[in-house]
Every structure is written in structure tokens, then in C-alpha cells.
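Novice: Take this structure, written in C-alpha cells, and hold onto it; I'll ask about it next.
The values are calculated or read from the model by the stated rules, or taken from the named source; none is laboratory data. Worth saying up front: this structure is predicted, and the values here are computed from it rather than measured. With ideal geometry, Cβ positions are generated from the backbone for all residues, glycine too; neighbour counts draw on all protein chains shown.
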Amino acid sequence: MERRLQQIFFALSFLALVLIVGAAWQANTPRWKTYQYKFYELEAQGEPNALTKAAVLATPPEVHQQLLTGLQRVDRCTTCHLGVEDPTMKDAPEPFRYHAGLGPHVPSRFGCTICHGGQGLATDKESAHGKVDFWPNPLLSKDYIRASCGRCHKEGDVPGVPELTEGRHLFETQGCRGCHKLNGVGGSIGPDLTAEGANHRSPDWLERHFLAPNTVSTGSAMPNFHFSKDQARALTYYMLSLTAEDMGSFYSSVRLIPGPAYGRQLFVEKNCITCHNIGGVGAKTGPDLLGVAKTHSSEWLDEQLVNPELVYPGSSMPAYDLEPNARKALLAFLISATSADADSILSKRPAKLTPEDVAIEAGKQNFSRFGCVGCHGTELQGGVANPNAQGGEVPSLLHLSDDYTKDEVIAVIRNGRTPPLDNPKGLAPPLYMPAWKKVLSDEDINRIADYLWSKQQTKKAEAW
Amino acid sequence: MNLLQEIYQSIVRRDPLSTDKGKSELVFLNVWLHIHPAKVKREHMKFTHTFYLGFITLFLFLILITTGVALMCYYRPYPAAAYQDMKDLQFVVFMGPFLRAMHRWSAHGMVVCVFLHMCRVFYTGSYKKPRQFNWVVGVVLLLLTLGLSFTGYLLPWDQLAYWAITVGTNIGGYAPLVGGQLRELLLGGHTVGEAALLRFYVLHVAVLPSAVILLTMVHLWRVRKDGGLSRPLSKLKPEPQQKLVTIGAVPEIVQLKTQPALSSKTYGLMEVVTGKPIFETISPEEEDDAVFSYPFAFVREALALMATVTGIMTISLFFHAPLEELANPAKTPNPAKAPWYFLGLQELVSHSALLGGVVAPAVMVLALLVIPYIDRNPSRQLKARKWALGLFAAFVAVNLILIVVGTFFRGPGWAMVPPWVHVVGGTE
């Protein structure tokens, strides 16, 4: 018995040794080493010199990685994809092939996963390509990969990606902000979209959602906007690009030098001239901007653009959702701006504006920018389906003056309203009028009312 | 040559092992092997009496310390780095997955073995006088083991870790008056976050292991001082017959003669300690049944050690430790489950927060602690302990059933879903 026990003890000890060796062998023979040996063989084929050939073949296998602190990631993709930056590998088989057309976006500075998705830290194929459990971010398919450009290029046109421009344009003009918040600005009926791209929904899901929200997300309050396929794709691109990651100043730059020309463009785009004037030329609602860069520090001006209420409580200036570089560009423009600039900007506007027109224009801007158009339509026509609300849809705003005074309308905008029910016992309608008093200043709300009143068509007159 | 001999003799002072003296000295001149007396009884080593569960628990703890120290070299306890370090262990650290797997499976194994060990001790009645206090020490060690496993659960900082700890600490928060404060003290805030991770790390690698090591020393020491290893019931001496006493008779108590100490004599300790030792000693009539601890006991324990190590290694070679997505406080998995050994509590909490979160655990722990003092029945014979065994079996069965239900039968929204039914779209 005692002898037998001792024998078992030694047998188990031997087994333990075998298991350790087995674990070490398992650890020492990862697939990436095989890939590296293959790559060095491929590289050695073209070497005429026997010595260099031997040196290439003798390259010790090692994990290659890009530490990208600015992008908050580590990419080990080049452990297997060894030829991405080597033009001689342009005809090599995968995973060694050269990545053409990268321009300035070399892997050593940008890594791979910022555009492609996948799991940068992984060193085996399935895990790295993200097609495994518990990695929500698999490789993006070819159709959607260009959406990633928008993760860094957050403003302006991105060359080669018209979908992004179109998506952003649709987002701002179709009134998405009426229900959705983006970077802190917008309504709260739908989910916040600031980091929608980081939610790892599949592009396919997003696209089908835009085409018919209810088919993929049952009971969704989102109306069907009857987007075309191209529009749905454009919006999908835009959603995929919204990750709210802090990319670091190097990567977040759209136009690397935020110069006055881009600032001027923004000044026109954002219609600053409808409230402000430069050297007396323009509107008088807001202050004269001539020499403002001399009288105020750039930090003060920057804060004024981000959060005017913080600088001047009760300020009527709206907060603009602008990238840091866009704000820098605006300030650069203001340093040099003169009344001549204001003149030329005004002359390119369709017509000279009266103070009433300015107020109406500002109201129209707000109506579009805060997403009222999402439900009430770009022409105030309403008509978005809203089950169990009276009439079954969002009402048109073209005949308000028949039933309401201007003050009553202002009160509804301020405090919001749940629509009267069609069937009092049924479910509450998914869409309702949010209270805007916390988002918009009274000034903004009054302008919107001005705009609405400018568009009223008297039904009674028609009826007579 | 002389120097080598001197070095050897300075380390190993015993006589050669071929002699009985050498075998004895191997044990009592060695701080570690002193865990046993020089001689033990044959029946102590009977496998089916103890299943070596206490030793296996100890060996798992040793594996945990070894692999744990290795893992500490690769781990930084703050959210931004913790998960990435897990990924590094998974993908680039040599034998990293093996190391993590060994640590993870040993931890689960230790929770299981410590519980089975407790069941065995109860079943054989080994908590009875004079071993009551050692049972209490054992229950505290069980709680510390759960604490170690629970604190380690958070460290990978993945979804599994984050939500298991969130649910687990919420259960603790149900305790009246102090629950909320205790939870906050443990987490360093209202939710599981950076502070919680650091606190759990400190508890996991410093506070709790030290406590376990210290109490294990007490536990082993008391095993020896309270009578040595547990003996199988069949070998127990029959209970001494009660002597018939005539009422009113003069008790036969013989007064010990006292003698004034001689001022010319110095006393050794063995002469000062009087009275019969409380523990069993090997009496002369049992001498035939006793064998030297070396090799008889030590070889068997070494065998248990190797079986534990190879078992864990084999499992770890084929099954890697799980690692889910990065912890995301904004994305609650449905259902969010506590670590498996707390799922019985979570199951109870789903019916009643007060019952599952406060009453049940408090009653369970208190009942376990006071068992040796409530159970006045001196007999260790199974037949004489029907009530105690029945109650304990019910306690074990209820715990097991609740854990199995919580683990396998609870789906989204904590609804009853058998494991063979696949829920589609549970998380959307």
C-alpha cells in the first residue's frame, strides 16, 4: 500500500510536469508566429543577397503594436498584417497585403481599429476581427467603413464621403434634435445620440431602422420619415461616426489650422449677422463685433460661444454646438473682421432684412435648429403619424391664429403639452410637445412665435 | 567537503530517516511538518472519513497565492487599465490565460471545498467538545473565503464583474440601519466605480489573505490542540458507563496531596502543568495502531496536493477564465446576476428584500456560528443525532436548490426560464 501510494505520487508529479510543459507549448505556439514566419519567407524570396536573406529569415517573432495614446487604444493588428506599410507587398496574399490609398493615415500614427473596428489588443484572428462573444465592435464591412472618417472629421465636408455630409445635413434639417440630444443640445423624447456610434448597433440594424423604425424597434415613438435608401445610408454613416470619444487635439482637427477663412464660412453658415453687426453693418440685436477680439480674451469669447448663459445670465444668444477648432476659426475671423466683411456677407444674402424679418429669420433658424421641423414639418404642415392623438397625427401649425392668441402659443412652447387623446382609454400617444423653457430663452421662444405668426393662413378667410 | 557537511547539518539536524528517532525528529524539528505529531493513528488517514477536504482547501489556497502573486505583476487596479491588463493577459502575456484560469478555477474550487469540508465536519460531529471553538474559526474562514472570491470577482472590470458586484453589494445594502453605510464604506461611493475597484483590490490582495493565513494557523493549531485529526466513528471508544451512585453516599473524591515546593529545586514546565490534557493522547494500548507520520500521513497529503494541482491544471488547460465586455455602467445585462454562491440570496431577495437580504444571511451565519454551543448532544454517533443531521441536510439542500434555481432557471426580468429554453432578444 505505502509503496503504491508513493508510486502514484511520483506519477502525479510527472503528470503535473507534463501539464506545465503542455501549457507552455500552448502559450508558445500562437498563430501569429506562423504568420510571421510565412511573411519573412515571402520577404526573403525577393532578396538576391544570401546574407540578407538569412538575416530576414532569422528575424525573431514578436508582437508588433501601435500605442496610440491620442486615440486611447493599442493596436496589434500589424503583428499579422506585416505588409500594410510596405508598397512591395501590394500583390501579396492576405494578411500581408499593402494598404493602398491611406494618404496621411499611416498605421503607425493612426492604428487600424479607429477606422476598421475590431479588437486591436487581440493577437488571434477571430478575436482581433471581433467576431467573438463579448466584443461588441466587429470589423466594419466595406460598405460602411468610410463612416469612421466622421469620428475625427467632425465638421465640414469629408473628401470622398458625401454620405457623411448628407447625413449631417439631414440631421440638422429634418428636426432630429426635436427628440434627440446631440452633444447636449436637443429634446429628450428619443435617446441621446451623442455616443450612438459607440453603442455597437450593427449598421444593418441602423439602416433598417431609418427606413421603418417600427420594424426593428417595436413600439418606437420615432415617426417614419420615409427616407430614401440613400438617405437612410447617409444617416447610418452619421450615426456610426458619433462616438463621443476624445480623440486628442491632433486627431480631432478637421482643418488642422483653424484659419479665418473657415471662420468666415461658419459666420455665414450660422447666420451670426442676423443678430450681430460689425462696425455698425448688420443687425443691432446683438453687440457690435468689431474689435471684440481686442477687448475680450480668447477664453472669454470661447466660453461665450459654448455657453452664453454662463457668461451673461439671461443672454439671448443661443449655445452653438461647435467643435473646439471651429470656435478657434470663428475667433480667428473676428480678429480681422471689418465692416467691409459684414457688407459683403449681407450683400450675398437674398434681401436686405427689416428688424421684423430678422426676428422671423431668427425664429425660423430656431425652429429648424431645435428640431421643431421633425414633427411639425419644414413647411409647418405637420402630418407625422401619432397614434391615438386627436386626428392621429401631429397638427399643422398653419392655422394657429384661428384658435389661439400668440401668448397662448408661447405658453405651449414654454410648458409643453400632451396631445388630447382620440380614445381616452387608449395608450398615450408616443409623441408629445416637450417643454422648451429650460432649453430655449424667452427671447428664442418669442422669435419662434414671430416666425409662426408670419406663416399663418387664415382658414376663416378661405372658408368665406 | 567538511564545509558542505557543515552546511547540510546546519539545515537538517535530524538523525537519518532509517531510524525511528530520525522519523520523529523530521516532524518535531520542522516548523511545517509539525502540523502532525510524530506518530498518528492509522484510522486518521482513512480517506472516506475526511476526503482530505481540509487539506485540499489549503492546497487550493496555496495555488491561489502563487498564481495571484504572478497575476499582480500584470494588473493595475484602476478602471482605465484593469480591463486592458486582462486583455494583455489573454493575448500577450506568456501563459497568461493559463495563469488566470488556474486562479479562477481554484477560487471557485476553494469555495466549494470549504463548504464540503464544513459539511463533513458536521456529519462526523467533529465540532463537538472540545472542538467547539475551532468550528467557529472554520465558519469565519468560510466567510473570509467568500469575501476573497467576491472581492476578486470585480477585478477584471468586465460586464460580468461589474454587475455581479453591483447586485451583490445591493443585497448587502438591504440590511437595516447600517446596510447603506456598509455598502458605501465598501464601495467608496454610491455606485461601483474607481474607488470600489481600489478598495476591492486592497481587500483581495492584502487584508483578506492576511486574515485567512492568520486564522488558518489558528485553525490548524487548534486541530492538534483539541485532539488531533478527527477519528472515524467506528473507532470511537464506547461511551463510559454511568456509575450508579447511591444517594447520600460519601463521594469518592480523593484530595490531592499537596506538598510545599522545595526551595532548592527548579521546576520544568512539564512539572507545573497539572491535570489530564483535554485532548486525546495515544495511550499505551493504542500504541500498536499508531504509525510514524512520516511517511504514512505525509505521503497521503502530498498525494492530495498533487491531485489538486494536476486537477486544476488540467481544467485550466482546456477551459479559460471568462472575460466579457468592458464594464459599462449604462448597460445593465438582463438579468444581472451576483456571483453564483450568492445567487441563493439573490433568489430570496427577488421574493423579499428583507428576507433574502437581511434575515436569511444573518440567521444562516449566526446559526452556523453557534451550532457547537446549541447542540448539547455529546454523541457523535449518527443514530443519536437525527435532528441535527436532518436540520443540517435541510440547510444544505435549501441552499443548493436556491443556487441552482438562481443560476440556471432565471432569465430576463428574473422570470422563470428553464436552461433548455433559449430567450431571443432578451437584452434589446
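Novice: Out of the residues in region A:417-464 that are out of contact with any strand residue (DSSP E or B) (no Cβ under 9 Å at 6 or more places or on another chain) and aromatic (Phe, Trp, Tyr), state the one that is modelled with the lowest pLDDT.
Specialist: A:Trp464
Novice: So in region B:41-92, with the set limited to residues that are more than 14 Å from chain A (Cβ to nearest Cβ) and of a type in the set (A, V, I, L, M), which one is farthest from B:Tyr201 (Cα to Cα)?
Specialist: Step by step, filter region B:41-92, then rank; the result is B:Leu53.
Novice: Among the residues of region A:287-297, write down those that are crowded, with 17+ Cβ neighbours inside 10 Å and either small (Gly, Ala, Ser) or touching a Lys or Arg at 6+ places or on another chain (Cβ under 8 Å) (or both).
Specialist: Pass one, region A:287-297, residues crowded, with 17+ Cβ neighbours inside 10 Å: A:289-290, A:292-293.
Answer for region A:287-297, where residues must be crowded, with 17+ Cβ neighbours inside 10 Å and either small (Gly, Ala, Ser) or touching a Lys or Arg at 6+ places or on another chain (Cβ under 8 Å) (or both): just A:Ala293.
Novice: OK, next. Just checking, how many residues over region B:288-326 are part of a strand (DSSP E or B) and more than 10 Å from chain A (Cβ to nearest Cβ)?
Specialist: 2
Novice: When you check A:Ser344 against the structure, is it assigned to a helix (DSSP H, G or I), in the same structural domain as A:Val281 (by TED's automatic domain parsing) and hydroxyl-bearing (Ser, Thr, Tyr), yes or no? Talk me through it step by step, then tell me what you get.
Specialist: Numbers: assigned to a helix (DSSP H, G or I): yes; in the same structural domain as A:Val281 (by TED's automatic domain parsing): yes; hydroxyl-bearing (Ser, Thr, Tyr): yes.
Yes; evaluated as a whole, the condition is true for this residue.
Novice: Are there any helices (runs of 4 or more DSSP H) wholly within region A:1-88 with 2 or more residues that are free of Cβ contacts under 8 Å to residues at least 12 places away in the same chain, within 48 Å of the chain's Cα centre (by Cα) and within 14 Å of chain B (Cβ to nearest Cβ), and if so which?
Specialist: Result: A:2-28.
Novice: Restricting attention to region B:41-49, does a residue exist that is among the charged types (D, E, K, R) and in contact with a strand residue (DSSP E or B) (Cβ under 7 Å, 6 or more places away or on another chain)?
Specialist: For region B:41-49, residues among the charged types (D, E, K, R) and in contact with a strand residue (DSSP E or B) (Cβ under 7 Å, 6 or more places away or on another chain): present.
Novice: Pick from region B:73-128 the residues that are among the charged types (D, E, K, R) and assigned to a loop (DSSP other than H, G, I, E, B): which of them is nearest to B:Arg199 (Cα to Cα)?
Specialist: Result: B:Arg76.
Novice: Do we find that A:Arg109 is touching a Ser or Thr at 6+ places or on another chain (Cβ under 9 Å) and not aliphatic (A, V, I, L, M) in this structure?
Specialist: In short, no.
Novice: Here is a further query. When only residues in region A:155-180 that are modelled with pLDDT of 90 or more and of a type in the set (Asp, Glu) count, which is surrounded by the fewest Cβ atoms within 10 Å (Cβ to Cβ)?
Specialist: Ranking the candidates gives A:Glu166 first.
Here's the yes/no breakdown for (1) within 28 Å of the chain's Cα centre (by Cα); (2) surrounded by fewer than 18 Cβ atoms within 10 Å (Cβ to Cβ); (3) among the hydrophobic types (A, V, I, L, M, F, W, C):
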residue	(1), (2), (3)
A:Arg327	yes, no, no
A:Leu334	yes, no, yes
A:Ile345	no, no, yes
A:Arg349	no, yes, no
A:Gln365	yes, no, no
A:Ser368	yes, no, no
A:Gln390	no, yes, no
A:Glu393	no, no, no
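Novice: OK, next. Which helices (runs of 4 or more DSSP H) sit wholly inside region B:160-229 and have at least 1 residues that are at pLDDT below 95 and under 21 Å from B:Thr145 (Cβ atoms)?
Specialist: B:179-187, B:208-225
Novice: Please tell me if B:Asp15 is farther than 28 Å from B:Phe122 by Cβ, more than 30 Å from the chain's Cα centre (by Cα) and surrounded by 14 or more Cβ atoms within 10 Å (Cβ to Cβ). Explain how you work it out, then say what you get.
Specialist: Values: farther than 28 Å from B:Phe122 by Cβ: yes; more than 30 Å from the chain's Cα centre (by Cα): yes; surrounded by 14 or more Cβ atoms within 10 Å (Cβ to Cβ): yes.
Yes; evaluated as a whole, the condition is true for this residue.
Novice: Please list, ordered by residue number, the helices (runs of 4 or more DSSP H) wholly in region B:327-428 having 3 or more residues that are more than 22 Å from the chain's Cα centre (by Cα) and surrounded by 13 or more Cβ atoms within 10 Å (Cβ to Cβ). Give the steps one after another, and end with the answer.
Specialist: Numbers: elements: B:343-351, B:360-374, B:386-408.
It comes to B:343-351, B:386-408.
Novice: Is it the case that region A:191-211 has a residue that's touching a Pro at 6+ places or on another chain (Cβ under 8 Å) and more than 14 Å from chain B (Cβ to nearest Cβ)?
Specialist: Checked against the condition, which is being touching a Pro at 6+ places or on another chain (Cβ under 8 Å) and more than 14 Å from chain B (Cβ to nearest Cβ), region A:191-211 yields no hits at all.
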